[in-house]
Amino acid sequence: MRLSYLFFAALALLGGCSNGAGTRSPDTSAEIHQPEGVAGHSRQVGWHGERFAVATANPLASEAGAAMLRAGGSAIDAAIAAQMVLGLVEPQSSGVGGGAFLLHHDGRRTVAFDGRETAPAAATEDIFLGADGKPMSFHQAVIGGRAVGVPGTVRMLEMAHAEYGRLPWASLFEPAIRLAEVGFPVGQRLHALLKADPYLRLDRQAAAYFYDRAGQPVAVGSILRNPELAAVMRRIASQGARALHQGEIAQAIVNKVRDHPDNPGKLSLGDLEGYQPQRRLPYCSGYAPPQQTVPRRYRICGFPPPGSGAIAIAQILGILGSTAAASLPLGDPQWLHHYSEASRLAFADRARYIADPAFVAAPAGSWYSLIAPDYLAARARVIKADRSMRVAAPGVPEALTTTQSSMPEQVEYGTSHLSIVDGLGNALAMTSTIEDAFGARQMVRGFLLNNQLSDFSFLPRDDRGLPIANRVEPGKRPRSSMSPTLVFDEGTGELVLSGGSPGGALIIHYTAKLLQATLNWQLTPQEAIDLPNFGSLNGPTLLEEGRFPPAFVEALRSLGHEVREIGMSSGLQAIGRGGGGLSGGADPRREGWVVGE
C-alpha cells in the first residue's frame, strides 16, 4: 500500500528554517560528517519521460550527457561527457584527479567498474602518524601531497567505454572543452564553498583561478574559464588515459605532490603509469519489502569491497525487516529508533571487516556472510524496542575467528553522483570523488588533486598491536562509502531504479533512505529524495536540522539516543522505471538536475 505522500510532504516541511537560500558554516558536529557545507535548498518538482534520462549534480553536466544520448550514444558515453563537465563546474567534488565507482547494466548483466584511487608503492602504514605516534588531525594530513592517491577515474572510464561505448572517445570531451574555453557561470554553491574554505587559497595556482587579488572568491554569476583544463582534456581526448598517467601531465602531478614545502607525498611516475582499474562482480542481494500488500521481490545491486555501502545498506534493510519497524512509517519515532539501531550494527561490522579484498579476506570466506539471513536475524535480536544501545559491537558471522581490530570513527568526505538510463537498454549509476571538498587543495593544470588516502585508517593498529583492515598499504584501495545502486525486479530482471548520493559516510544513509522510501513506501524518486535525512555512524543519532518536530526528537531522546541535529547536505540523484515510463529526481539540497525525453 502506497502511504500518502501528503504525510511525508508535511514532515519534510516541518521547521522551514532549513529551506532558506542563505549559506552558513556548519557547526562542529556537521563538519565532522559533511563533505560540503549547507548552501540552501532549491525546489525540485520531479521529472517524467519515456526514452532516456540523465540525472547529475549540475544542469550543465546533465545537458552534456543528454546530448550524447540524442546523438546515438550509450549510457557510458553520456556518463563520460557528464563527468568531464562535473569536474569543471563543481571541482570541489570530483574530476580527472580523483576516482570513481561505476555500476553498469546492459540489459543482461551488471558489471562493477572500480576506478578507486590506490596508495603509492612507497606508502607506509604509519603515514598519518605524527612524531608522537598519534594520528594527525584531518587537515594536517590532507593539505598538501601526503594524502594524494593515484587517480583512477579516467582509466576506469576508458575501460568501460571500450566495452560499452558507441560514440568516439574524443567526441565525449567536446562539451567540457567548450565550456572550459568559453566559460561557465559560477553558482551559489561553488561561491559559498570557496568563501568558507581556509586552505584552497594557500595554493598559488588555485588562488589565481578561484580568487581575486583581494582574496575574494569568484562572484556568483561571473564567468569562469579554465583553458589549462581544456588543454588537458584535449590531450586525454586524443591520446586516451595515458595522457594523464604518462608524460608531461603525469610529471606535473608528481612534482606537485612530492615538492610540497610542508606536507609532501610519495606519489611517483611509476604509480601513475602502473595504475589499473578493476572489473568486479557487483554485490547483489535479494529484498522483499515487508510493507507491500502485493508481494514483490527485488534484487539490489551495489559495489563490492573496497566499497562498503552495498553491504551496509543490505544489512540495515535486512535487519529492519526482522523488527517492529517493518510495519511503521518514518513519522513514527519507533521506526527511526530501529533504523538507527540497525545502522549502528551495520557500521560496527563495516569498521571491523571491510577493506580492499586484495589485502583483506572476507569474513567466513564470503562478503555475503555479513547478510546471511540467520546472521541478520541474530543481529536484529540485539535491538531493544525501549532503549538505544548507543554504540554497537561488531558481530561474528559463522563463528569467525578474527585477528583484526575495528577502525576508529574517522572523518569521511566527498563525491558527486550521476544516474543514467539510455534508450538502448543500458543503465548505470556512478559516484565519483576527490574526497574532501577541493581535495588536497593542490591544483595542477586546471584540476584539483584528491586526498583519497585519508579514507584509510590513520591508526594502523590498536593498542594490542592488532592490525586494522583498512590501514594504509602500498597499492591498496581505501575503503569507500560510495554507493552507486541499481535495483531490478527479481522476477522479470527489469530495471526498477538507479540512484546514489555524495555525502561521505552518510552516503550509506542517503541511499538507504532512497531505497526504503521507493521500495517500501512506494514513493517516486523525487518524493523519496525530498524526505528528511537521518542516520547513525555507530554514535549519535543524526537528524537533518529543522526537519523533525521537537516531540519527535524528544521521543528519541527518551529512548536513550544522543540526538544531534545537523545540516545533512545529501546530493541524491535517481531515475526510476515503471508504468511504461521513467521518473527522475534530484536533491533540492544541491544543484542537481534531470534531463531526458
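Every number here is computed from the coordinates shown, using simple stated rules; none is lab data. If you're wondering where the values come from, they're calculated on a predicted model, not measured in any experiment. As a convention, Cβ positions derive from the backbone with ideal geometry for all residues, glycine included, and neighbour counts pool all protein chains shown.
Residues in region 167-208 near a label at residue 225, defined as backbone nitrogen under 11 Å from the 7 Å Cα→Cβ point? So the set is 180-184. The listed peptides 385-394, 417-426, 364-373, ordered by packing as a protection proxy, come out as 417-426, 364-373, 385-394 (highest mean of other Cβ atoms within 10 Å first). For residue 582, the residues whose amide H sits under 5 Å from its own are 49, 50, ignoring neighbours fewer than 5 places away on the same chain, with H placed 1.01 Å from N. About the centre of its Cα atoms, the chain shows a dipole size close to 260 debye [charges on the beta carbon of Lys, Arg (+1) and Asp, Glu (-1) only; nearest 20 debye].
Close amide-amide hydrogen proximity is noted between residue 565 and 543, each under 5 Å apart and 5 or more residues distant or on a separate chain (H modeled in the peptide plane; Pro and chain starts excluded).
With an a/c value of 1.5 or above and a/b not larger than b/c for the gyration tensor axes a ≥ b ≥ c computed over the alpha-carbon atoms, region 194-267 is described as oblate. Highest mean packing first, where packing is the average number of other Cβ atoms within 10 Å per residue, the peptides 47-58, 116-127, 439-450 line up as 439-450, 47-58, 116-127. Please state the shape class of region 118-173: rounded when a/c is under 1.5, otherwise prolate if a/b exceeds b/c and oblate if not, all from the C-alpha gyration tensor. Prolate, since a/c reaches 1.5 and a/b exceeds b/c.
Let a ≥ b ≥ c be the square roots of the eigenvalues of the Cα gyration tensor of region 377-470; is it rounded (a/c under 1.5), or, if not, prolate (a/b larger than b/c) or oblate? In terms of gyration-tensor shape, oblate. So for region 124-272, taking the charge dipole from beta-carbon charges (+1 Lys/Arg, -1 Asp/Glu), which of 247, 161, 210 sits furthest toward the positive end? The listed residue farthest towards the positive side: 210. The phi torsions of region 78-83, fed into the Karplus equation with coefficients 6.51, -1.76 and 1.60 and a -60° offset, translate into couplings of 5, 5, 5, 4, 5, 5 Hz, rounded to whole numbers, with Gly and Pro shown as x.
Seen from residue 305, the other residues with C-beta closer than 14 Å to its C-beta sum to a net charge of +3, counting Lys and Arg as +1 and Asp and Glu as -1.
Using θ = phi - 60° in the Karplus curve 6.51 cos²θ - 1.76 cosθ + 1.60, the 3J(HN,Hα) couplings for region 361-376 round to 6, 5, x, 6, x, 7, 5, 6, 4, 6, 10, 4, x, 5, 5, 5 Hz; x is entered for Gly and Pro. Only helices enter this figure: runs of n ≥ 4 DSSP H residues, each worth -39500 (n - 2.57), summed and divided by the residues of the chain, yield -9000 deg cm²/dmol at 222 nm to the nearest 500.
Whole-Hz Karplus values for region 481-497 come out as 8, 4, 9, x, 9, 10, 10, 10, 6, 5, x, 9, x, 6, 5, 10, 7 Hz, taken residue by residue from phi with 6.51 cos²θ - 1.76 cosθ + 1.60 and θ = phi - 60°; glycine and proline positions read x. Close amide-amide hydrogen proximity is noted between residue 590 and 42, each under 5 Å apart and 5 or more residues distant or on a separate chain (H modeled in the peptide plane; Pro and chain starts excluded).
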